1. Among the residues of the range 288-328, which ones are on the phi < 0 side of the Ramachandran plot, open to solvent by 50 Å² or more (accessible area, probe 1.4 Å) and either outside the structural domain of Gly255 (by TED's automatic domain parsing) or not in a helix (DSSP H, G or I) (or both)?
2. Do we have Leu297 as out of contact with any Lys or Arg (no Cβ under 7 Å at 6 or more places or on another chain), of a type outside the set (Asp, Glu) and over 20 Å from Arg170 (Cβ atoms) here?
3. Can you confirm whether Leu102 is among the hydrophobic types (A, V, I, L, M, F, W, C), in the same structural domain as Ala82 (by TED's automatic domain parsing), near ligand 1 (Cβ under 10 Å from one of its atoms) and closer than 24 Å to Arg205 by Cβ?
4. Strands (runs of 3 or more DSSP E) wholly in the range 18-130 with at least 1 residues that are more than 26 Å from Gly173 (Cβ to Cβ) and open to solvent by 50 Å² or more (accessible area, probe 1.4 Å) - which ones?
5. Confirm whether Gly208 is in a loop (DSSP other than H, G, I, E, B), modelled with pLDDT of 95 or more and within 16 Å of ligand 1 (Cβ to nearest atom).
6. Quick check: is even one residue across the range 178-188 charged (D, E, K, R), modelled with pLDDT of 95 or more and either open to solvent by less than 10 Å² (accessible area, probe 1.4 Å) or under 18 Å from Asp69 (Cβ atoms) (or both)?
7. So, in the range 329-342, how many residues would count as being open to solvent by less than 20 Å² (accessible area, probe 1.4 Å) and among the basic types (Lys, Arg)?
8. Quick check, is Arg205 open to solvent by 60 Å² or more (accessible area, probe 1.4 Å) and assigned by TED's automatic domain parsing to the domain that holds Ile72?
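The values are calculated or read from the model by the stated rules, or taken from the named source; none is laboratory data. Every value quoted in this text rests on a predicted model; they were computed, and no experiment measured them. All Cβ positions, glycine included, derive from the backbone under ideal geometry; neighbour counts span all protein chains shown. For the accessible areas, the whole protein counts, side chains as well, though only heavy atoms, and no ligand, DNA or RNA atoms are used. Shrake-Rupley method; radii C 1.70, N 1.55, O 1.52, S 1.80 Å.
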Amino acid sequence: MTREPAAAAPATRVRPGDDPAAVAAAAAIIRGGGLVAFPTETVYGLGANALDPVAVAGIFEAKGRPRFDPLIVHLADPGELARWADPDDAVDPRVVRLVAALWPGPLTLVLRKRPLIPGIVTAGLPTVGLRTPDHPVARALIAAAGVPIAAPSANRFGRLSPTRAAHVVRQLGGRVGLVLDGGPSRVGVESTVVLLAAGRAALLRPGGVPAEAIEALVGPLELISDGQAEAAALAPGRSGAHYAPGPPLEVVPAGRRIVPAHRGERIGLLAASDAGLERAARIAGRAGMSFAAVEVLAPGGDPVRSAARLFDALHALDEAGVDRIVAQPVPEHGLGRAVMDRLRRAALDRAEG
Ligand code: TXA
Ligand code: MG
């Protein structure tokens, strides 16, 4: 998918994240102003020293990411929040409650920032997204680097997020010198992003912590939807298409018949469950068609398992060389909300052109 000019691209090394020497080498790269890809419990991140604007510029360069989209700053320990967030926001009882209950974990808190965080990290916004990842390799790396690490997901802009070291190499090989391998990401979808600055409480992105769990601790969250006037200012990363696999993707209910666009079209099915697969296969069989490749998100349709499998399954369908991916919708509760958010955005990629 992503072709690199063969000559200039430096080699990308993959080293085990549980090797202290590899973590030390990665930390030295971060301190020296370079980039390292590393595992988190959600997806792999492409990290740089958050306090070094030139290093952070390298992230935007390697991803091909627009500068208006702010980065999350990763902390080794929940206790570091007060160093980087505005003092008032850091002691906001809602923030204190969420951090106590859900950090380390897949929750990003958007709070007013301290001046020492460079503007390039926050795309000029007065707020910063902060999180402590729940992955021993990520935390060891940040601690060894001795600086907070700014990191987006380690994919080319707009493409599928990586949940394995091999996914990172496929998209960013030659653009990052070192990938720490921490195995497959446990959660599989990105962190939930919540704005809690200056008295607001808004869900900016559904993710690895179900919105219900957050609302149980801080009360109802405002929903920032794409069309809303404030959306671009509050949640710049939300605009438009994202998470796109190579082939076009559409979300189609299990009961609907899928019609090939032409004879021999290779259609890949992302089934929500074994039951969904059976239903789709039966309907297809009656029409004399079959799927070129099939992935099942979770046999019983469990939302946590679905989230963990989502990007893996999409990478697999992409690699199977299908012409089109048809994805079955999943129920929108718990992590199902994050799964549907990613599927809809992946579908937008082609719908919007
Ligand atoms: O799980 C994750 O969050 C992963 C891992 C690596 O930590 N990171 C990740 O980063 O998904 P990225 O850059 O792909 O997505 C970050 C999202 C974007 O939608 C961005 O717009 C939003 O967080 N964000 C970051 N800082 C923000 C801020 N100050 N205000 C509003 N949105 C912010
Ligand atoms: Mg991303």
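1. Here is the first cut: in the range 288-328, the residues on the phi < 0 side of the Ramachandran plot are 289-300, 302-320, 322-328.
Still in the list and also open to solvent by 50 Å² or more (accessible area, probe 1.4 Å): 290, 294, 299-300, 302, 304-305, 309, 319, 323.
Within the range 288-328, Ser290, Val294, Pro299, Gly300, Asp302, Asp323 meet the criteria.
2. Answer is no for this residue.
3. No; evaluated as a whole, the condition is false for this residue.
4. 107-112
5. It is true that Gly208 is in a loop (DSSP other than H, G, I, E, B), modelled with pLDDT of 95 or more and within 16 Å of ligand 1 (Cβ to nearest atom).
6. no
7. Total meeting the criteria: 1.
8. no
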